[in-house]
Every structure is written in C-alpha cells, then in structure tokens.
Amino acid sequence: MRAEDSATAETPIAVHTSPRTAPDTRAESGPAPSAPAHRSGTLQAALGVTAFSLTFPATVWGLEGFGPWSLVAVRSVLAAVIAGGCLLALRVPAPVRRHWAGLAVVAAGVVLGFPLLTTLALETSTTAHAAVVVGLLPLTTALFSALRTGARPSRMFWVAAVAGAAAVIAFTVQQSGGALTSADAYLFGALLICAAGYTEGGRLARVMPGWQVIGWALVLCLPLTVPGALVALSYEPVHLTAHSVTGLLWVAAGSQFVGLVVWYRGMAAIGIPKASQLQLAQPLLTLVWSVLLLGEHLTPAAPLTAAAVLVCIAATQRARG
C-alpha cells in the first residue's frame, strides 16, 4: 500500500530511509521524537483508544442482527474493501517480502483473532466483564514489545503499568460481580493474540506508514474472510436493524480500519510501551459508552478508578525507557 508520495506525507511516522533498506528490528529505545511529534503521536494513539472503546458496545449492537461468525467475517471484508480502495486509488505497490511475515501476525491478531474471540465472548459476557481484556492489554503489549524489539522501559514505567492494570482489573471484575465466566478463555486468548498483533504492527509502522500496515493486513485476510462471510451468512440468520447495521459499520470502518490507522501511527511516534499505556483508559471509556448506548449501570467506584488510571498514565508517559 505504499506510494512514494504517501511516504513523504507520513514522515512523522516512517523512518527517513527507503522501506526496502530500513531495518525491521528498530528498537523502542531509538532516538526520542521531538515535542511536537510526541504530542501528535499521543493524540493519535488517544484517538485510536477512543475508537476502540466503542468496539464492545458496537459489537453488542451488531449481535442483535448477525451471528458472531457472520459479524466478524463481514466486518473484516468491509474494512478490507475500504483499505483496498485506498490502495488502488493511491497505486501503492505491495510491501517487500520481508514484511509479509509481520503483516501475517497483525492479520492473525487484530483482523481475525481479537475480533472473533471477543465477539464469541460477548455472546455470554457483559461489556464490563469483557473490559478485563482491555485492562490487561497495555501491560501485555509492553511485555511483547520488550521481547520482540529489545525495549527496556524503566522500573518506574513497569511499576506504573502494573498499578494501572491492577486498578482496571479490580474495577472490571467488581463490575461483573467477581465471577469468572466460560467466556474468560476467549477473552484471555484474545488478549495474547492482540498484544502480539499490536506489537508487530507498531514495529512495522516504523518502516511503512501505519495505515498501510493495517490495510495490507486486511487485504491479506480476504482469501479467508470472503468465503468465511458467505458460509457464515448461509448458516446464521440475519435481522437488519438500525442497531445491528450501525454496530457493523462502526466495527468495520471505525474499529477495524480508522482506529487502527491512528493507533499504529501513534505507536510509531511515541513508542509501543508508552502508547499501550494510554489504553488503560479504554475499559473506563467502554463502560461509559455501555451506560449511554446499552443502558448498563456503573458503581460509585468508577470515578475513583478513573482517577487512579489517569495517574498511572501520567507516570508511564513521564518514565524514560
């Protein structure tokens, strides 16, 4: 998906060498971004988190009219159509061969694995309980990043990250009554596979524009998602309603494409571990949307947890890797 003119427009994200010669293993401890680039990267990552926070409520809406397999397959196809249209319009050549393995990890993690596992979980789990996944995701992503890229965040970073994750987990478990459900296997599987996809996508976004990372991952899945959608739609009944169509369109365009575009751009600008900690706020945002869109109720613990999470986010942003 990369065109030479688009590479110039994406210079805050891509390294200033040719994508055919840039190394794939650039560490998170590389040169620090300038203050404007850091602010821009933080804003883009935050926009990605906001888009992701609507995913679970939108999925619940989508499940009102689609089966879980149909919803996941159709959303991926629609997102791939958007991405493919951008690729064709800009005449972007295919990535070089060495990038395809990383794109396959992104595809398995954020295009197929996470959407499918969380959608299956949301058939029997509330959005509050499913938010446990998102609460653990920043810490898990930082761990994957350290293993994959050789990043070594400071002790203060890890203390703040663990504290923030613990606060979010405690809150979301309390919201669900402290009971574990059969959906937990799906949720924890989704956590691991999504963290791998985020890490690999953030690494690739340093050598190609972030929108191209998710765009190629979506197109890469078309040989699976198109026949999967046809089979699923033939077996699962479809009832089109305003909620189900809106939910489908959001998870396809907002969560699956636009949200990931700005998310990967943000990660490339400020680093995978620090960007991932912004996601600590995602479960709380999801719970707010759950109240507004699904009619769920929050306990008085919500503002206290929100304050604790914001403190942890501030600490991780100040920590030096």
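The values are calculated or read from the model by the stated rules, or taken from the named source; none is laboratory data. Keep in mind it's a predicted model, so treat the numbers as computed, not measured. Cβ atoms come from the backbone with ideal geometry, glycine included; neighbour counts cover every protein chain shown. Side chains are part of the model used for accessible areas, which takes the heavy atoms of the whole protein and leaves out ligands, DNA and RNA. Shrake-Rupley method; radii C 1.70, N 1.55, O 1.52, S 1.80 Å.
Listing for the model above:
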{"item": "Along principal axes, Cα extents of the stretch 31-163, largest first, whole Å", "result": "47, 43, 28"}
{"item": "Accessible surface of the chain [probe 1.4 Å, protein heavy atoms]: carbon and sulfur percent", "result": "71 percent"}
{"item": "Two-decimal ratio, the stretch 135-264, of alpha-carbon radius of gyration to 2.2 N^0.38 Å", "result": "1.28"}
{"item": "Modelled FRET efficiency - R0 45 Å, Val231 with His297, Cβ distances, 0.05 increments", "result": "0.70"}
{"item": "Anisotropy class of the stretch 27-109 from Cα gyration tensor, a/c 1.5 cut", "result": "oblate"}
{"item": "Mean separation of Cα contacts under 8 Å, 6 or more apart, over the residue count of the chain: relative contact order %", "result": "40 percent"}
{"item": "Projected area averaged over orientations for the stretch 195-321, convex hull of C-alpha atoms, nm²", "result": "10.2 nm²"}
{"item": "Accessible area expressed per residue, the chain, with surrounding protein chains retained (probe 1.4 Å, Å²)", "result": "41 Å²"}
{"item": "Area of Tyr186 that stays accessible when all protein chains are in place (1.4 Å probe, Å², to 10)", "result": "90 Å²"}
{"item": "Exposure ranking of Val159, Val106, Val262 by accessible area [1.4 Å probe, largest first]", "result": "Val159, Val262, Val106"}
{"item": "For Phe188, solvent-accessible area (1.4 Å; no DNA, RNA or ligand), Å²", "result": "90 Å²"}
{"item": "Karplus 3J(HN,Hα) series, Hz, for the stretch 92-105 with 6.51 cos²θ - 1.76 cosθ + 1.60 (x for Gly, Pro)", "result": "7, x, 5, x, 5, 4, 5, 8, 5, 5, x, 5, 5, 5"}
{"item": "Mean ellipticity per residue at 222 nm, deg cm²/dmol - from DSSP H runs of n ≥ 4 across the chain, formula -39500 (n - 2.57)", "result": "-21500 deg cm²/dmol"}
{"item": "Residue-level accessible surface for Cys312, protein heavy atoms, 1.4 Å, Å²", "result": "20 Å²"}
{"item": "Cα-only Debye scattering, the stretch 254-321: base-10 log of I(q)/I(0) at q = 0.11, 0.12, 0.15 Å⁻¹", "result": "-0.34, -0.41, -0.61"}
